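What follows draws every value from the coordinates through simple rules; no lab data is involved. Values in this document were obtained by computation on a predicted structure and should not be read as measured data. Don't worry about glycine lacking a Cβ; one is built from the backbone with ideal geometry, like all the others, and counts go over all protein chains shown.
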Amino acid sequence: MNNESSSHGTVLVMDADIRTLVGTADPETLAAPEVLGVMVEHFHPRLSLACSFQKEESVLLDMLLGIAPDARVFALDTHVLFPETYDVWRQVEKRYGIQVEVYQGPSLGRQAAIHGDALWVRNPTLCCSIRKVAPLGEALADLDGWITGMRREQGPTRAATAKLGWDERHELWQANPLADWSEADVDAYIEERELPVNALHARGYASIGCTHCTEPGSGREGRWSGKAKTECGLHADA
């Protein structure tokens, strides 16, 4: 079979599998709670929300835990997150009575001993690989599905984000329930539900990562400022 035929066959298989999840419905017509409901119905408890404690996860935490109070949530602790991020992390655990699962790379000291100090300056892609990408692989290893807060509006690398689909890179189902939400939609939900939110958003940080690689900016402009890099490698090539 040639590559074109093989690719076409894979698409047909994926389409058939999606139908087992949503029937004849088009996943793109489903509202965010409906997408979450599909994921919970088919994959819980081998399902988890990837939480970076940004405003999108504030919305998804509230929706997901309203559907399944025992739903799993995980975070990647790089050990260089902002104090405001750790603060909202504590708020979330207290509000919902949950314990976020933590995945992390080697200590900063161990990383420096192998690669030298301030790797995030000299080789930010390698730093992300060590502190984010590798721990993500560990987090997803025992799952059949995961949920992210990606939105198409966030930038060109995310413009084609589907609400529901097969994640070929990690070989499990991925849901992005807020893919078609605007930032105004996110803010309105947070205000209506009076949800805890990362204080950095109010200071001009649209996207929040590690302290050394994040500055205020719209979309993903504040990430790795001055470099062509706009992704850490979790969802798209770095």
Inset, instruction - Sort the following peptides by mean Cβ neighbour count (other Cβ atoms within 10 Å, averaged over residues), highest first: 65-77, 89-101. - result: 65-77, 89-101
Legend entry - Centre separation in Å (Cα based) which lies between the stretch 35-90 and the stretch 151-208: 12
Inset, instruction - Determine, for each peptide in 165-178, 106-119, the mean count of other beta carbons within 10 angstrom over its residues, then list the peptides with the highest first. - result: 165-178, 106-119
Inset, instruction - Pull up all non-local amide H partners of TYR205: gap of 5 or more, or a different chain, and H-to-H distance under 5 Å with H placed in the peptide plane. - result: GLY217
Inset, instruction - Using R₀ = 35 Å, calculate the FRET efficiency as 1/(1 + (r/R₀)^6) where r is the Cβ-Cβ separation of HIS212 and ARG169; round to 0.05. - result: 0.85
Legend entry - ALA113/ARG19 FRET efficiency (R0 41 Å; Cβ-Cβ; nearest 0.05): 0.20
Inset, instruction - Diagonalise the Cα gyration tensor of the stretch 31-213 and give the resulting equivalent ellipsoid semi-axes, square root of 5 times each eigenvalue, largest first, whole Å. - result: 26, 19, 17
Legend entry - Contact order normalised by residue count of the stretch 90-210, Cα under 8 Å, 6+ apart, percent: 17
